[in-house]
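**Q** The structure under discussion is supplied below as structure tokens; questions concerning it will follow.
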Amino acid sequence: MAQATSPPEVVRESGQARRYNSDAAGLGRLRAGAFAAPALLLIAVFLVFPALWVLYLGLTNYRLTGIAAAEPQFVGLDNLISAVSDPTFWSSTWLTVQFVLGSAVIGQVGLGFAIAWLLRDRQGPLKRLVEGLVILAWILPSAIVSFLWVALLDRDGGTLNALLSTPQFAPLLDHPMLSIIVFNTWRGTAFSMMLYGAALGNVPPSHLESARLAGASGWQQLRDVVFPHIRGHILTNLLLISLWTFNDFTPFLLTAGGPDGQSEVLAVHVYKVALQGGELGYGAAVSTIILLINLVVAVFYLRLLRSKK
Amino acid sequence: MAAIELRGLSKVYPGGVKALDSLDLAIPDGEFFALLGPSGCGKTTLLRTIAGLETATGGAVVIGERDVTGVQPGARDIAMVFQDYALFPHMDVTDNISYPLRIKKVGKGPRREKAAEVGARLGLEHLMDRRPGQLSGGQQQRVALARVMATQAQAFLFDEPLSNLDARLRLEARTFLKKLQRELGVTTVFVTHDQAEALAMADRMAVMEAGHIRQIGTPAEVFQRPANTFVAGFIGSTPMNLLDGTVRGDTLEVAGCKVAVPVTAEGRLSDGEKIVYGVRPEYMAYSAAPAEGAFGGRVVIVENLGASHLVTLEAGDVSVQAVVPEGNEPAVGDDGYAVPRRDRALIYRDGDLV
């Protein structure tokens, strides 16, 4: 059958097209700038300025109280040097690494993906129930969930002890790191679960079926079809929750960094030295180090993301 | 290589939709078999049930001598080409072709050798290091075919193998697929919604509607003698004229015209009976002058088909279509007469062929 071909469309005046490309809304530079200004101002006041202020404070002996509070002295890199030579700083860093690897990378990503994978083809009440519970853990305010977990894990009259009939078992004292890792896994799995749920929906069913027809096992299907397809999602997810977990302060509400600094992750460490110890300058210096570590982690993931091809 | 047999195969989805209603079908070894039907007729479900991607709710699927109804897809010894080809975007052509062998734990050396051999056979030798994203649609299809061939399965299943190609390429691929299937001699079932594709490629075909098989036969049988009005209306690039009529002694009264009883229905009709008269536009002799036993009427539409024209006549209150060779086409508004060929016209009683 003959196909009708239409004459080529007359090319529009290209000058006009180019103008629309650089200025889609047609506002002009000044008015467009006016629209963006309030947001830029807020970002500058609440984000850029405090960050720069922290960098500056880290170079002073600024304190919460006393003479150094009124007239802080510039001390250069002294704070940074004393931070890296302080064993509590290094133990906090190591605890933070454990916290991130345990609760974010293994806990939230692993559990979130597992739930999303198991629920991928399911419909109905079971799926809604599981998703509802997981999301509930995520949306409740920190103060409330920490209280609930203290009530659960408490040595005297804790719910867990009542359930297991193990009086005097004190997870928060005997296994503080494990406690906050389990807590944070429970707390944050929803985000990963939802992200992977959406990502799995994008894996073409025919690719999975093709693998099944070849005889691929469940693990082989994951390795050869699912993971290559959602690689970008996995890396983005890892980037976000690694950074969130790294800077998370909620563990303080469960263990207050104790006992004896055994769960004093960096965010808690900064709080302790800066606000409880009053050494604002030193705390700011540690914050600067945290900022640098976050930057390194972010660059690492973004590099991986970009090396896609 | 193996025959495929379906015995009373049913598939009812949760919610009560009957996708397949107790189907029986036997596809002999080496046959190129088409499943044809409109969308939603169950043809894809049938193919997927043979593959094991859907589980049958009743009946049996037998491949070779083996009942595979409850067997996992990977253990059925079949291979499938998907509509979107389902090539893995992160693997190159070699890895894609040899993927099923890798799952079967064939060593890397023999695997690459086999991929190279099959790839060369399909003209892919200079593309073996490319990723699917760097290939054209036609090349992707050949990679998908190569992957299927590398498995040396008992039977091949193709789901709408040509629908992702553009029109020109589709005709080439049609010829290519048919030749390839003939050379390989592997039992092949393919699904299509395009009747021209089914007629052109298949050795035999099944026309499906709403979970039922309405006719099984060779393309010639299905085209020339559609078993019912559904198949009659579905097959053919120009739809068959299906006209209500009444038997009047030795002749038929159809659309206000007197026409002769078709050869195949002679002596099998009773006087006064209501029937449906079917004749393809291609089997009509058109003339501008009145003729014996013709449908007469005013020309309302003339459609150009290239080497011929499709002329629509208004005979009474129904439309009759006839194909007219180029050069003889009438103008809109002319009076025209179309004489059906007695040896090609068909009579349907209650929807079934007489």
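Readers should treat all values here as calculations from the given coordinates under stated rules, not as data from a laboratory. A quick note: this is a predicted structure, and the numbers were derived from the prediction, not measured. Methodologically, a virtual Cβ is constructed for each residue, glycine included, from the backbone with ideal geometry; neighbour enumeration extends over all protein chains shown.
**Q** Can you pick out the pairs among B:LYS18/B:LYS274; B:LYS11/B:LYS108; B:LYS104/B:LYS179; A:LYS127/A:LYS272 whose Cα atoms lie more than 31 Å from each other? The partial results should precede the final answer.
**A** Values: B:LYS18/B:LYS274 33 Å; B:LYS11/B:LYS108 40 Å; B:LYS104/B:LYS179 29 Å; A:LYS127/A:LYS272 42 Å.
Over 31 Å apart, Cα to Cα: B:LYS18/B:LYS274; B:LYS11/B:LYS108; A:LYS127/A:LYS272.
**Q** Give the percent of DSSP beta bridges with both residues in the protein assembly as shown that are antiparallel, rounded to the nearest 5. Let's see the in-between values first.
**A** On the way: 61 of 79 bridges.
Of those bridges, close to 75 percent are antiparallel.
**Q** Can you give the relative contact order of segment A:86-306 as a percent, counting alpha carbon pairs under 8 Å and 6+ residues apart?
**A** On the way: 230 pairs, mean separation 63.1, N = 221.
Answer for segment A:86-306 is 29 percent.
**Q** Connecting C-alpha atoms closer than 10 Å in a GNM of chain B, tell me which of B:THR175, B:THR69, B:THR187 has the biggest fluctuation.
**A** Comparing B:THR175, B:THR69, B:THR187 in a Gaussian network model of chain B, the most mobile one is B:THR175.
**Q** List the GluC sites (Glu not before Pro) in segment B:1-69 that DSSP assigns to loop (not H, G, I, E or B) and whose Cβ has at most 13 other Cβ atoms within 10 Å. Which are they?
**A** Numbers: sites: B:GLU5, B:GLU31, B:GLU54, B:GLU65; in loops: B:GLU31, B:GLU54, B:GLU65.
Sparse-neighbourhood loop GluC sites (Glu not before Pro): B:GLU65.
**Q** Here's a follow-up. Give the separation of the Cα centroids, segment A:34-112 to segment A:240-309, in Å.
**A** That distance is 8 Å.
**Q** Assign unit charges at the C-beta atoms only (+1 for Lys and Arg, -1 for Asp and Glu), then state the dipole size of segment B:241-353 relative to its Cα centre in Debye, rounded to the nearest 20. Don't jump to the answer; show the numbers that get you there.
**A** On the way: 10 positive and 18 negative charges, 42 e Å.
In debye, rounded to 20, segment B:241-353 gives about 200.
**Q** Moving to a separate point now. Between the helical axis of B:108-121 and the dominant principal axis of chain B, each derived from Cα atoms, what acute angle in degrees is found, rounded to the nearest 10?
**A** It is inclined by approximately 30 degrees.
**Q** Tell me the angle of helix B:137-150 to the major Cα principal axis of chain B, expressed in degrees between 0 and 90 and rounded to the nearest ten.
**A** Between the helix axis and the principal axis of chain B, the angle is about 60 degrees.
**Q** Percent relative contact order of segment B:241-353, based on C-alpha pairs within less than 8 angstrom and at least six residues apart?
**A** On the way: 270 pairs, mean separation 35.8, N = 113.
Relative contact order, segment B:241-353: 32 percent.
**Q** Running a GNM on chain A with Cα contacts under 10 Å, which residue among A:GLY201, A:GLY102, A:GLY112 ends up with the highest mean-square fluctuation?
**A** In the Gaussian network model the winner is A:GLY201.
**Q** If you find the alpha carbon centre of segment B:196-251 and of segment B:116-147, how far apart are they in angstrom?
**A** After rounding, the separation between the Cα centres reads 37 Å.
**Q** Moving on. Taking only Cα atoms, what is the 0 to 90° angle, nearest 10, from helix B:167-184's long axis to the longest principal axis of chain B?
**A** The two axes meet at around 60 degrees.
**Q** Mind giving me the FRET efficiency for A:ARG128 and B:GLU172? R0 is 41 Å, r the Cβ-Cβ distance, nearest 0.05 is fine. Don't skip to the answer; put the middle values down first.
**A** Details: r = 50 Å, r/R0 = 1.22.
Taking R0 as 41 Å, the efficiency between A:ARG128 and B:GLU172 is 0.25.
**Q** Counting only helical runs of four or more DSSP H residues, what would the 222 nm mean residue ellipticity of the protein assembly as shown come to if each run contributes -39,500 (n - 2.57) and the total is spread over all its residues?
**A** Details: 27 runs with 285 residues, N = 663.
It comes out at -13000 deg cm²/dmol, rounded to the nearest 500.
**Q** If you don't mind, there's one more thing I want to ask. Find how much the distance from B:ALA116 to B:GLU221 grows on full extension, using 0.36 nm per residue of separation minus their present alpha carbon separation; answer in nm with one decimal.
**A** 33.7 nm
**Q** Also, quick follow-up: Going Cα to Cα from B:LYS258, which aspartates and glutamates come in below 13 Å? Please leave out same-chain ones fewer than 8 positions away.
**A** In chain and number order, the partners are B:ASP244, B:ASP250, B:GLU292.
**Q** Of B:GLY133, B:GLY40, B:GLY16, which is the most mobile in a GNM of chain B whose springs link Cα atoms less than 10 angstrom apart?
**A** Fluctuation is largest for B:GLY16.
**Q** Something else: Can you pull out the chymotrypsin sites (Phe, Trp or Tyr not before Pro) in segment A:157-250 whose DSSP state is coil and whose Cβ has at most 16 other Cβ atoms within 10 Å?
**A** A:PHE169, A:PHE249
**Q** Could you work out the pair-distance distribution P(r) of chain A from its alpha-carbon pairs, with 10 angstrom bin width and percents rounded to whole numbers?
**A** Result, from short to long distances: 5, 18, 22, 22, 18, 9, 4, 2, 1, 0 percent.
**Q** Is there a simple number for the mean count of other chain Cβ atoms within 10 Å of the Cβ of residues in B:77-84, and what is it? Kindly include the intermediate steps, with their values, before the conclusion.
**A** Numbers: counts 1, 1, 3, 6, 2, 7, 1, 5.
Taking all residues of B:77-84 together, the mean is 3.
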